[in-house]
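Worksheet for the structure shown next.
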Amino acid sequence: MQKILIVGAASAIAEAAARRWASGGNALFLVGRNAARLETIAGDVRVSGAASVGVFAMDANEVAAHPAMLQAAEKSLGGLDIALIAHGTLPDQKACERSVELTLREIGTNGLSVVALATLLGERFGKQGSGSVAVIGSVAGDRGRQSNYVYGAAKGMVGLFLQGLRNRLASKGVQVLTVKPGFVDTPMTAAFKKGALWAQPDDIAAGILRAIGKKRDVVYLPGFWRAIMTVIRHIPESVFKKMSL
């Protein structure tokens, strides 16, 4: 049985991951902003077979609340083996272009709050000498594009931070996994037109669990996004800046 913390547990991908972990008889601690929604998910994963389920209502932007949340998670679970950081928002790029306040708020949610949590978890797992920190980033963090560069900048910061954290903790037996999904059909992307490149939350969740089990460092989900982003990263800037992406 593994003891698993999920921050942003009400997100579609995290909820799907929770159900998969629950079916394996693992113990879960779910964190999110909406207490009522957390209780609903907790009931579902109990039915799915979770050994135990704890909940904690918290806005991830409240960095001062992170230590108390982790303490509650460890008390509820009796330790900690895996932490999945899955919270985030999808900002309105055009609105961000008109507002410094909104831009900084979105970078705080998608970037700084994640860095804060990963810092605490890295220190905790480093002392323990084991554990896995998995963070849902995005392919958007691989290159700044005019259509979503505020979101991409936050995810890029997270990716670079995790790279350094991974380098620091590898010798201590701690896995730091960066998850880079492409387009995912979730409530957050409900307004977007869907196509062949879109994936379902449960498929992404299955990929996350596999990557953790295989002790991967970085995983693109679905896997074809690795090839797509390799091409995009290598387009010369003189050409890329003229493209509408």
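Numbers for the structure displayed
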quantity: Top-ranked residue in the stretch 219-245 [being over 24 Å from Pro91 (Cα atoms) and of a type in the set (Val, Ile, Thr); ranked as nearest to the chain's Cα centre (by Cα)]; calculated: Thr230
quantity: Residues satisfying the stated conditions in the stretch 186-241, i.e. of a type in the set (Ser, Thr, Tyr), over 28 Å from Asn167 (Cβ atoms) and free of Cβ contacts under 8 Å to residues at least 12 places away in the same chain; calculated: Ser238
quantity: Residue under evaluation Ala57, criteria (1) under 22 Å from Asp203 (Cβ atoms); (2) more than 17 Å from the chain's Cα centre (by Cα), criterion not met; calculated: (1)
quantity: Subset of the stretch 122-148 [part of a helix (DSSP H, G or I), surrounded by 17 or more Cβ atoms within 10 Å (Cβ to Cβ) and not charged (D, E, K, R)]; calculated: Gly122, Phe125, Gly126, Val139, Ala140, Gly141
quantity: Residue in the stretch 188-200 that is over 20 Å from His87 (Cα atoms), modelled with pLDDT of 95 or more and loosely packed, with under 14 Cβ neighbours inside 10 Å present; calculated: no
quantity: Single match in Ala65, Ala42, Ala51 (criterion: over 21 Å from the mean Cα position of the chain (by Cα) and aliphatic (A, V, I, L, M)); calculated: Ala51
quantity: Test: Leu121 is of a type in the set (A, V, I, L, M), under 25 Å from Met69 (Cβ atoms), at pLDDT 95 or above and touching a His at 6+ places or on another chain (Cβ under 7 Å); calculated: no
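The values are calculated or read from the model by the stated rules, or taken from the named source; none is laboratory data. Being a predicted model, the structure only gives us computed values, none of them experimental. FYI the Cβ positions are ideal-geometry reconstructions off the backbone, even for glycines, and counts take in every protein chain you see.
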